[in-house]
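A quick write-up on the structure given underneath.
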Amino acid sequence: MADARFYDRAGPFSLAELVDAADAEIAGAPPSILEFSDVMPLAEARADTISFIDNRRYVEAFRKCEAGAIIVAPGHVALAPPAAQLLVTKDPYRAYAKVAQMFYPAPPISGRSGGQTGAAPSAQIGERVTLMAGAIIGEDCVIGDDCSIGEYTVIGKGVHLGKGCRIGPNCTLICCTLGSNVVLHTGVRIGQDGFGFAPGAEGHEKVPQLGAVIIEDDVELGANSCVDRGTGPDTIIGAGTKIDNLCQIAHNVNLGRGCLVAAQVGISGSAKLGDFVMIGGQAGIAGHLQIGDGAKIAGKSGVTKDIPAGMTVAGFPAIKATEHWRNLAAIKRLRKD
């Protein structure tokens, strides 16, 4: 369920309304629930919620899903849990986008402009907190003791910061929770929309991003790095992880504890990295991949497949580093012959 600190939910909606929005046909179990309260990921869904599947990596979660209704492609109907009602469509992702927009419509523009520097009346500000000039703390925020908020930084509604956080100038924090002793350098952006669109010839349908960002204790992010909030599950940065400047962490990424991420790295949506992973500068990781504990990724590598724990990879597409270097040496010898 989307965090009520950040999102206002509409509904409930009837099954007929959801079928109409999704432009789908009903299949599966006979209707037992006729009203639905929310959209949720497969693994978290309840009987009064609706979910979807459009990626074969999540078939096992689909088989076990407890949602009352699930949006599916025709090819997944036979794999569905027996109790679920199915909304069958050729484009489940687009259908989900339209259904999610019903539950979470874009908030209206208030018509107000400007605002006051400082903390909103409902914000809870701890002891020995420093707010520099131009810093803005939104409604219902919680700022722990001994925090420092830099010049012209904006902290949005409902955000929580633990103790001893140091937030640099010109940062933006929305839809997020930070642990203790987190350091964000100048220009960091936390919690903005993930890049979620259902593509199509008739236009690219925006998929509401309904998750949050969870940053655990002792994390540090370099200047102008960005961490997108999740689509439904949260984006998570594990305790003690250090991220360099100009990095992009996409929606639903799960970074383990103690990872080291050098400058200009991009990690695509729903990638899951274990503990103490090391990533060299300008490397890229494709979406939905699993990177094992202690793996090392050389700079400029392009990771397109899962990496087991402890392996070092290099190149594009990334392969075991020793094999990559042998390949380069072989090419060099061929050029000499």
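Quick notes
- Residue in region 78-87 that is under 20 Å from S14 (Cα atoms), over 25 Å from the mean Cα position of the chain (by Cα) and surrounded by fewer than 20 Cβ atoms within 10 Å (Cβ to Cβ) present: yes
- Filtering region 100-110 for residues that are over 30 Å from D23 (Cα atoms), outside any loop (DSSP other than H, G, I, E, B) and at pLDDT 90 or above leaves an empty set.
- Scanning region 228-254 for residues that are hydrophobic (A, V, I, L, M, F, W, C) and either in contact with a helix residue (DSSP H, G or I) (Cβ under 8 Å, 6 or more places away or on another chain) or closer than 17 Å to K305 by Cα (or both) turns up just one, V253.
- Checking G281, G302 one by one, the residue that is surrounded by 14 or more Cβ atoms within 10 Å (Cβ to Cβ), among the small types (G, A, S) and under 16 Å from C226 (Cα atoms) is G281 and no other.
- Entirely in region 39-93, the strands (runs of 3 or more DSSP E) that have 2 or more residues that are in contact (Cβ under 8 Å) with a residue 60 or more places away in the chain: 85-88
- Pair list, Cβ < 6 Å and 6+ apart or interchain, from region 250-262 residues that are of a type in the set (V, I, T) to residues that are crowded, with 21+ Cβ neighbours inside 10 Å: V253/T235; V253/I267; V253/A271; V261/I243; V261/C247; V261/I279
- Within region 163-211, considering residues that are among the acidic types (D, E) and out of contact with any strand residue (DSSP E or B) (no Cβ under 8 Å at 6 or more places or on another chain), the one farthest from G222 (Cα to Cα): E202
- Residues that are of a type in the set (V, I, T) and more than 19 Å from I236 (Cβ to Cβ) do not occur anywhere in region 280-296.
- Of the strands (runs of 3 or more DSSP E) lying entirely inside region 205-320, the ones with 2 or more residues being touching a Cys at 6+ places or on another chain (Cβ under 7 Å) are found at 213-215.
- Of I33, I50, all but one fail to be outside the structural domain of T235 (by TED's automatic domain parsing) and under 30 Å from V159 (Cα atoms); the exception is I50.
- Of everything in region 1-38 that is among the acidic types (D, E) and not in a helix (DSSP H, G or I), the residue that is modelled with the lowest pLDDT is D3.
- Of all residues making up region 144-163, the number that are closer than 21 Å to R5 by Cβ and assigned to a loop (DSSP other than H, G, I, E, B): 10
- Failed item, numbered, when G144 is tested on (1) touching a residue at least 60 places away in the same chain (Cβ under 8 Å); (2) more than 22 Å from the chain's Cα centre (by Cα): (1)
- Any chance A97 is assigned to a strand (DSSP E or B), of a type in the set (A, V, I, L, M) and touching a residue at least 40 places away in the same chain (Cβ under 8 Å): no
- Of T186, T177, T130, all but one fail to be among the polar types (S, T, N, Q), buried (at least 17 other Cβ atoms within 10 Å of the Cβ) and without any contact (Cβ under 8 Å) to a residue 60 or more places away in the chain; the exception is T177.
- Hits in region 200-224 (condition: at negative phi and without any contact (Cβ under 8 Å) to a residue 40 or more places away in the chain): A201, E202, H204, V213, I214, I215, E220, L221
- Pair list, Cβ < 9 Å and 6+ apart or interchain, from region 308-337 residues that are at positive phi and loosely packed, with under 13 Cβ neighbours inside 10 Å to residues that are of a type in the set (D, E, K, R) and modelled with pLDDT of 95 or more: G310/D293; G310/K296
The values are calculated or read from the model by the stated rules, or taken from the named source; none is laboratory data. This is a predicted model, so every value here is computed, not measured. Note that each Cβ is placed from the backbone with ideal geometry, even for glycine, and that neighbours are counted across all protein chains shown.
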